[in-house]
Amino acid sequence: MLEVPGFVDLQVNGYLGVDFSDAALTEADFIRVSRKLLESGCVAFQPTVITASEAVYRRNLAMIGKIIQSPEFRGRILGIHVEGPFISNQPGAVGAHNPEYVRPASVEFFKQMQEWADGTIRLLTLAAESEGAVELTRYASGTGVAVSLGHQLADGDQMAACRDAGATLLTHLGNGMPNEVNRHRNPLLAGLGVDGLTAMIIADGHHLPRELVKVIIRAKGVENTLVVSDASSLAGMPPGHYHSMGNDVVIEENGYLHNPAKKCLVGSSATIFGCVKVLCEIPDLSPEDIIRLAYTNPLRAIHADPADLRPVGQRCVWSEEKHRFERV
């Protein structure tokens, strides 16, 4: 029987109405929704704190860093993913992040962030064209932090320079970029063309067309691709109108979460198990491929060992009859 204890998600911005980057985040809310998420077919995840004010970083990184080191969450919450603030502030590339808080890549500020987080930052997303990106990449990767390139307008040379300094990943490739770009010179094609960078992709059925998911996997190979949910604070919520991450957003009946005014997505309404369901609908992918994309590769990307996980009370089992993974 083909099974895993659950799937691994390296990019979770929140869940069930709780935003991990909210200045009003409480310990009780973070613990509550983390427990719920870990019952949803997700065996382990990384809470993601996006581009924010210094005050939010000081408060939320410290709070989350303390909680995830508690006995309950060891082996279940695998460090923090900080997505920003060292990203592009340009429309499209900045996505739903607040450009007011974007700053050039800074080793000193990252050291301060890691100090607030008590050393629990394990994944950093930055833009390869950011001033100081190569220096920060070299420093962060040298301390064991995985560095990913995203929310950027970088070209292939800039991405390759960061790769040579230690970057190993691309954050949600094909997203966090303008809707209209040069047909040949753009961050998507540059990311596909630069070897040595594993593509993280959002496979919720909305962020990328299924044919583009196939193209990315074919270009990078299953071994160099992994899936994240990019779950927003509204993941798990019913369709409707909401305010999230400073945006007035809508969740459509089909789960499509977007800001109609900006014409951009605002994270995902899906969990990692929801993304796995989408992967199961792609005929070219075997169940073994899906396990690599959503379990094995995410762990490898952050230098985590499957033996360190602490699965509790759930399994995700492949059903040959239904051609999908089911939670049992």
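Tally the residues that are open to solvent by 30 Å² or more (accessible area, probe 1.4 Å) and either within 16 Å of the chain's Cα centre (by Cα) or of a type in the set (A, V, I, L, M) (or both), restricting the search to the stretch 223-246.
3
So, in the stretch 84-121, exactly how many residues are under 16 Å from SER53 (Cβ atoms) and among the β-branched types (Val, Ile, Thr)?
Residues in the stretch 84-121 being under 16 Å from SER53 (Cβ atoms) and among the β-branched types (Val, Ile, Thr): 3 in total.
What is the number of the single condition among (1) more than 29 Å from GLY92 (Cα to Cα); (2) at pLDDT below 95 that LYS263 does not meet?
(1)
Return the residues of the stretch 162-201 that are within 20 Å of the chain's Cα centre (by Cα) and of a type in the set (Gly, Ala, Ser); say none if nothing qualifies.
Within the stretch 162-201, GLY166, ALA167, GLY174, GLY176, ALA190, GLY191, GLY196, ALA199 meet the criteria.
Starting from residues that are surrounded by fewer than 19 Cβ atoms within 10 Å (Cβ to Cβ) and in a loop (DSSP other than H, G, I, E, B), keep the ones in the stretch 290-308 and report whichever is modelled with the lowest pLDDT.
Looking at residues that are surrounded by fewer than 19 Cβ atoms within 10 Å (Cβ to Cβ) and in a loop (DSSP other than H, G, I, E, B), I get ASP305.
Quick one: which of ILE50, ILE77, ILE67 is surrounded by fewer than 20 Cβ atoms within 10 Å (Cβ to Cβ), under 30 Å from ILE291 (Cα atoms), at pLDDT 95 or above and of a type in the set (A, V, I, L, M)?
None of the others qualify; the one that does is ILE67.
This table checks each residue for (1) closer than 17 Å to GLY267 by Cβ; (2) touching a helix residue (DSSP H, G or I) at 6+ places or on another chain (Cβ under 8 Å); (3) β-branched (Val, Ile, Thr); (4) open to solvent by 10 Å² or more (accessible area, probe 1.4 Å).
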site: VAL33; (1), (2), (3), (4): yes, no, yes, no
site: SER40; (1), (2), (3), (4): yes, yes, no, yes
site: GLN46; (1), (2), (3), (4): yes, no, no, no
site: GLU54; (1), (2), (3), (4): no, no, no, yes
site: ARG58; (1), (2), (3), (4): no, yes, no, yes
site: ASN98; (1), (2), (3), (4): yes, no, no, yes
site: GLN114; (1), (2), (3), (4): no, no, no, yes
site: ALA117; (1), (2), (3), (4): no, yes, no, no
site: THR125; (1), (2), (3), (4): yes, no, yes, no
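I need every pair where a residue in the stretch 36-55 that is among the charged types (D, E, K, R) has its Cβ under 8 Å from the Cβ of a residue that is in a loop (DSSP other than H, G, I, E, B), sequence separation at least 6 or different chains.
As it stands, the answer is LYS36/LEU16; LYS36/GLY236; GLU39/GLY313; GLU39/GLN314, since those pairs meet every condition given.
Consider only pairs whose beta carbons are under 7 Å apart and that are at least six residues apart or on different chains; among these, list those whose first residue lies in the stretch 232-253 and is free of Cβ contacts under 8 Å to residues at least 24 places away in the same chain and within 14 Å of TYR15 (Cα to Cα) and whose second residue is open to solvent by 20 Å² or more (accessible area, probe 1.4 Å) and of a type in the set (Lys, Arg).
From residues that are free of Cβ contacts under 8 Å to residues at least 24 places away in the same chain and within 14 Å of TYR15 (Cα to Cα), there are no pairs.
Just checking, how many residues over the stretch 268-289 are open to solvent by less than 10 Å² (accessible area, probe 1.4 Å) and under 17 Å from GLU39 (Cβ atoms)?
3
Counting only residues that are farther than 24 Å from ILE217 by Cβ, modelled with pLDDT of 95 or more and of a type in the set (A, V, I, L, M), give me the helices (runs of 4 or more DSSP H) lying completely in the stretch 88-196 with at least 1 of them.
107-116, 133-142, 156-165
Taking only the stretch 311-328 into account, find how many residues are touching a residue at least 24 places away in the same chain (Cβ under 8 Å), open to solvent by less than 90 Å² (accessible area, probe 1.4 Å) and among the charged types (D, E, K, R).
Total meeting the criteria: 0.
Can you spot a residue in the stretch 250-260 that is farther than 24 Å from ALA93 by Cα, open to solvent by 10 Å² or more (accessible area, probe 1.4 Å) and touching a Cys at 6+ places or on another chain (Cβ under 9 Å)?
No: zero hits.
Here is a list of conditions, (1) open to solvent by 10 Å² or more (accessible area, probe 1.4 Å); (2) assigned to a loop (DSSP other than H, G, I, E, B), and LEU25 meets all of them except one; can you say which number that is?
Of (1) open to solvent by 10 Å² or more (accessible area, probe 1.4 Å); (2) assigned to a loop (DSSP other than H, G, I, E, B), only one is false for LEU25: (1).
The values are calculated or read from the model by the stated rules, or taken from the named source; none is laboratory data. Since this is a predicted model, take the numbers as computed values, not measurements. No Cβ is skipped: glycine too gets one built from the backbone with ideal geometry, and neighbour counts run over all protein chains shown. All accessible areas refer to the heavy atoms of the entire protein, side chains included, with ligands and DNA or RNA removed. Shrake-Rupley method; radii C 1.70, N 1.55, O 1.52, S 1.80 Å.
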